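Chemist: Take a look at the following structure, please.
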Amino acid sequence: MSDEWWRDDTPSGPIPVEGGVRARSQRGDIARTWWSRRFIEALELLGLGGRLERGKRYARAGQVMSMSLSTSIVVAQVQGSRPEPYRVRISVKAFTSDQWFEVEKALAGQALFLAKLLAGEMPQDIERVFGEVGLRLFPDSFQELSMDCSCPDWEVPCKHLAATCYLLAESFDSDPFEILAWRGRSRQELLDNLRGLREDHAEPTDNAEPLGDLLDSFWGAQVTLPTSMPVRGRPDAILDRLPPLRLTVAGRPVVDWLRPAYQTMANEEDT
């Protein structure tokens, strides 16, 4: 028997990929915005934090060949050490239409939230809005989140899943609406629903005449403006605004000598 039977022919590292999805961050933390960091934090709270780190090298090396997100599911292909790429799936529980309606009603009551969303930002307190209707935006249990990979590694997440999680967080950085789309509400549908709810609750103007009906009479009305005479103050009043002067002339404050001069100058302007 050959003494080489124990040799492992599996390559020691992953097969390099050309044109893969590469993480923008090449050192330190991958997630930049609060909402993408919150997603990573949610995974860590599920006890996945220690195993997530294994995927950073894959994410930064571009080993993820493709990744797509749709309602409730993210699918990806990740190139490992074997010739055939591994199939990765990350699923989250989508909210029902009724649940989204309650969320949208709560969001529509906050003008700042709508302004932030229109600007492409995730409002800082949006998790509180979901919480008020009994929901959580970010998964907090394995009843809401599931992961699987076609690789032989039994740990979850394996490095292929972990790499996909990091790239998913970066995609949330670029477009926070992807988090909401993952939960079942697209950007356009959400914004249209919020606008509609705000219009439904807008206060109508009572007894307001159309502007066009007022144009014909606008220039015809003649209004006599009241006339008023200019109010003239004392010419020496400015002296009272000066700080107290300790200078005296012939035993009298110098201000007393200046007052007649101001009065004389004002009389000359009137003539």
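The values are calculated or read from the model by the stated rules, or taken from the named source; none is laboratory data. Keep in mind that this is a model prediction, so the values were computed, not measured. In this analysis, Cβ positions are derived from the backbone assuming ideal geometry, glycine residues included, and neighbour counts consider all displayed protein chains.
Chemist: Within segment 74-84, track down each residue that is without any contact (Cβ under 8 Å) to a residue 40 or more places away in the chain and either within 27 Å of the chain's Cα centre (by Cα) or surrounded by 21 or more Cβ atoms within 10 Å (Cβ to Cβ) (or both).
Modeler: Across segment 74-84, the qualifying residues are VAL75, GLN77.
Chemist: Taking ARG27 as the residue in question, decide whether it is of a type in the set (Lys, Arg) and either at pLDDT 90 or above or surrounded by 13 or more Cβ atoms within 10 Å (Cβ to Cβ) (or both).
Modeler: So ARG27 fails the test.
Chemist: Continuing with the same structure: Give just the number: which of (1) in a helix (DSSP H, G or I); (2) surrounded by fewer than 17 Cβ atoms within 10 Å (Cβ to Cβ); (3) among the hydrophobic types (A, V, I, L, M, F, W, C) does VAL103 not satisfy?
Modeler: With (1) in a helix (DSSP H, G or I); (2) surrounded by fewer than 17 Cβ atoms within 10 Å (Cβ to Cβ); (3) among the hydrophobic types (A, V, I, L, M, F, W, C) applied to VAL103, the lone miss is (2).
Chemist: Scan (1) over 25 Å from the mean Cα position of the chain (by Cα); (2) part of a strand (DSSP E or B); (3) surrounded by fewer than 17 Cβ atoms within 10 Å (Cβ to Cβ) for the single condition VAL88 breaks and write down its number.
Modeler: The single condition VAL88 does not satisfy is (3).
Chemist: Give me a count of the residues in segment 101-123 that are of a type in the set (D, E, K, R) and either without any contact (Cβ under 8 Å) to a residue 24 or more places away in the chain or under 10 Å from LEU197 (Cα atoms) (or both).
Modeler: 3
Chemist: Now for a separate question. Restricting attention to segment 115-147, which residues are small (Gly, Ala, Ser) and part of a loop (DSSP other than H, G, I, E, B)?
Modeler: ALA119, GLY120, GLY134, SER141
Listed here are the residues, each with its yes/no results for (1) modelled with pLDDT under 95; (2) acidic (Asp, Glu); (3) out of contact with any Gly (no Cβ under 9 Å at 6 or more places or on another chain).
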{"residue": "ASP3", "(1), (2), (3)": "yes, yes, yes"}
{"residue": "ASP9", "(1), (2), (3)": "yes, yes, yes"}
{"residue": "THR33", "(1), (2), (3)": "yes, no, yes"}
{"residue": "ILE40", "(1), (2), (3)": "yes, no, no"}
{"residue": "MET67", "(1), (2), (3)": "no, no, yes"}
{"residue": "SER81", "(1), (2), (3)": "yes, no, no"}
{"residue": "VAL88", "(1), (2), (3)": "no, no, yes"}
{"residue": "ASP98", "(1), (2), (3)": "no, yes, yes"}
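Chemist: Being surrounded by 14 or more Cβ atoms within 10 Å (Cβ to Cβ) and either out of contact with any Asp or Glu (no Cβ under 7 Å at 6 or more places or on another chain) or at pLDDT 95 or above (or both) narrows it down to one of LEU135, LEU112, LEU118, LEU197, so name that one.
Modeler: Answer to the check: LEU135.
Chemist: Still on this structure: Would segment 53-61 turn up any residue that is over 23 Å from PRO152 (Cβ atoms) and surrounded by fewer than 17 Cβ atoms within 10 Å (Cβ to Cβ)?
Modeler: No, there is no match, as no residue in segment 53-61 is over 23 Å from PRO152 (Cβ atoms) and surrounded by fewer than 17 Cβ atoms within 10 Å (Cβ to Cβ).
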